[in-house]
Each structure stands twice: as C-alpha cells, then as structure tokens.
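Single-structure report; data block below.
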Amino acid sequence: MTTVHLDPGAAQRLAQAVFVHKGLGPDEARVVAAHLVGANLAGHDSHGFVRLVRYARWIDDGTIVPRTDGTALMDCDTMLLVDAAHGAGQWVCERWIDEAVQRARRHGLALLAVRRAAHIGRVGRYAEMAADAGLVSMHWVNVAGSRLVAPFGGTERMLSTAPIAVGVPQPGGDHVLLDFATSLVAEGKLLVAAKKRQAMAFEALVGPAGEVSCDPALLYGDTVHDEAPNNRAGPGAILPLGGLFGGHKGYGLAVMCELLGGLLTGTGVSLDAGRVRNGMLSILIDPTRLDADGTFAAQVAGFVQRLRASHPMTAGQPVMVAGDPERRARIERNRDGFPMPATAWREIQALARQAGVPAADVQATVTRTTG
C-alpha cells in the first residue's frame, strides 16, 4: 500500500481552495480546512483530510449548507440553544464555543446546545478550545439520521457512533483531553482502512447473523472502494465500544449521547430520517470558581505526573494520560507531514484540479511517498 505524506500548511490551503470553490465563505473554508488538517496532526486520520471528498459531495447534495453561522433560538446568560441549520459543523461549533467560553468566564458556567449541524469533525477540538481558555468542559454528541452501530447483544444498526469529549486544563497546554467514539471504532477509521485497501486490525464489525469481522465491506457493501463509500450500503454494523465482552458500557454511553446530544438539543436521534446531522450538548466550567484554595491546577498536575510515572506493562512504553498521544502525534506530523493513502490522495488531486488549484501547488503538498 502506497502512502503519501502531506505538508500540513499546504494541505490546509488546498482544502480551503476546494471549499471556496464549492461555495463556502473564505473564513468558513479556512476554519473547516484547519479542523480537518488539525485532526490529522492530532493522529486522528479518521476525521481528517481523507474526508475532503465526502465533504465536497455533501456540499453538492445539501448535507452541508454553505455560509450558515447558526442562530440562537434561546439565550439566557449561561444557556445557549443554537440552530446550526445544517451549516458546516466546524464553523458553526467553533463560533458558538467561542461565545460559550466568554459566558463561562463571565458567569463561571455555560451550557451550549447545538442542533442540526453538519458534521462537526473531531469533537476533542472543542474541548481543547475550552481548555486553552482555562475551562473544564464536557461534550456529548450524536449523529441523527446515522444508523451505524449495533446495540450490545444485537446485530441491527440502531445507533450513531456518538462521540464524547472531556477536557481539563493544565498550564502550558498540557491539558488532559479525552475524546472517543462510543462505537468500537469511529466510522472514519473504517473509511481510512477502505482507502488503504486493508482490513481492520481487529474485529470491529458484526454481520446480520452475529458473525464478527474486520472487513470494511461489511459496512460499505459494494461501494467499499468507491470514491466516497456509502456507509449505509453494507449489511453489517459497527460494534459498540468494548466489543463482545464490554460493549454494554459503550452501548450505555451511546444511548446517553443520543438522549443528551440528540433529543435534549432538538436534533433528533440516529433512528430518525432526514439529512445526517450532529447535535452537541457542551458544558463549560471555570474551575477557579470552585477552587477556593487555588490548588486545583497543582493537584491535577501532581495526579497526572504520578500516573505517568507508574510502572509500565511494557518496558520503554510509559503510561500515558488522555491527550498525550495527540501531543506526540503533533510533534511528529508537524515535522514529517501526515500520512494519506495514495488512493485517497488521487481523488483529492482531482478535486483540487476542479477547484483550479495550480498543479505546482498540488505537487508541493506531498513531502514524500512510502510503500
């Protein structure tokens, strides 16, 4: 399998040009492109540049509505309810997370409910934004209209991949940041495997008869090698987080995401019809309001330090905390570029040509090729 490695800055400029060509406003295109490349830099290729072709298709078919900022349906100081109206999820959510950060600083607490957003990307980014502002945050997300995941003990698609993110700030940006799908894998990881023409490294899917599989075709069916594989075309489902033995935990969290991120925000749930859309319920807290003796940050740092210093299972592989893998990935990928399956890169090159990106700029995006 051939892999190209892309320069982050050049890749972001290319994606921005494609999005402007498709109708997003310049600032809107810049933010969405930055989120995609940022996901790659954090090591989460499932939510990164590989989605560029799918996003372009979604703009064309109306799943993403350009030049939409979101409208506050309810605003009462510490609480905001925003209708994204299918606007570009990263653009709308970043704008309103910024507003929620200001509310939390002013009042000590803010709750933001976003309904009907197009794909909001890597949810951990919003926890990072809050942590950079010194705030603790929690984010419950669902994907209404998206049935990809089987409930624990079942084989039928019933739930979305329903991600959760939690952030706790630390001085210097050494934040504790938890970000995961409540499915065994995010759908984008299956997309990356399909682009690589590879199976997953473990059995992440279940078929109609209860058989487990690592083949992405169980999700995508005959479209598995298409330019934009249809995740509704296959007969199987993704297993919940925890798999066959601990999947009741991922299943329970997914249900809560559907209830909080979906129904409480007014977005709907996975079983609903209509355009695929995200709902997100975010709670932001200023920890200084609860920290009467001013020791919270030091206590967090001490606890994290003791975890990292604990005895590892494998020599040379120290214990990490949430947020460490992303920090390591950023160092490596900012230095070396981020990887992209050659099949996906060829599709993206075609989009870039359509958008009028000069061939020299497209070629300059590639730093090296391996495989």
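Just so it is clear, none of the values below were taken in a lab; they were calculated from the coordinates. These numbers come from a predicted model, not from an experiment. Glycine also receives a Cβ, built like all others from the backbone with ideal geometry; neighbour counts cover every protein chain displayed.
Computed as a quarter of the hull surface, the mean projected area of the alpha carbon convex hull for the range 45-119 stands at 5.4 nm².
In the range 62-77, which residues have a backbone nitrogen under 13 Å from the label point lying 7 Å from A85's Cα in the Cα-to-Cβ direction? What the label zone holds, given the 13 Å backbone N cut-off, is 65-73.
Label-to-label distance, D324 versus E156, with points set 7 angstrom from Cα along the beta-carbon direction: 4.3 nm. Once the C-beta distance of I331 and A298 is scaled by a Förster radius of 25 Å, the resulting FRET efficiency is 0.45 to the nearest 0.05. Rounded to the nearest 0.05, the FRET efficiency derived from the C-beta distance between H248 and A360 at R0 = 45 Å is 0.25. Full extension of the chain between T369 and A233 yields a length gain of 45.8 nm, computed as 0.36 nm times the residue separation minus the alpha carbon distance. Highest mobility in the GNM of the chain, judged by mean-square fluctuation with C-alpha springs under 10 Å and restricted to H107, H35, H21, is found for H107.
Springs between Cα atoms under 10 Å define the GNM used for the chain, and in it the highest mean-square fluctuation of A104, A309, A162 occurs at A309. For the range 72-106 and the range 145-167, what is the separation of their C-alpha centers, rounded to whole Å? Going from one Cα centre to the other spans 25 Å.
Neighbours of V206, meaning other residues whose beta-carbon lies under 14 angstrom from its beta-carbon, give a summed charge of -2 when Lys and Arg score +1 and Asp and Glu score -1. With both labels modelled 7 Å from their Cα along Cα-to-Cβ, the D75 to R197 distance reads 5.4 nm.
From the square roots a ≥ b ≥ c of the eigenvalues of the alpha-carbon gyration tensor of the chain, which class results: rounded (a/c under 1.5), prolate (a/b over b/c), or oblate? Taking the square roots of the gyration eigenvalues as a ≥ b ≥ c, the chain is rounded.
The convex hull defined by the C-alpha atoms of the range 1-109 has an orientation-averaged projected area of 8.1 nm². Here the chain is treated with +1 on each Lys and Arg Cβ and -1 on each Asp and Glu Cβ, and its dipole about the Cα centre works out to around 440 debye. With q set to 0.15, 0.19, 0.20, 0.21 Å⁻¹, the log10 of I(q)/I(0) for the range 251-371, from the Debye formula over equal scatterers at the Cα positions, is -1.08, -1.04, -1.05, -1.08.
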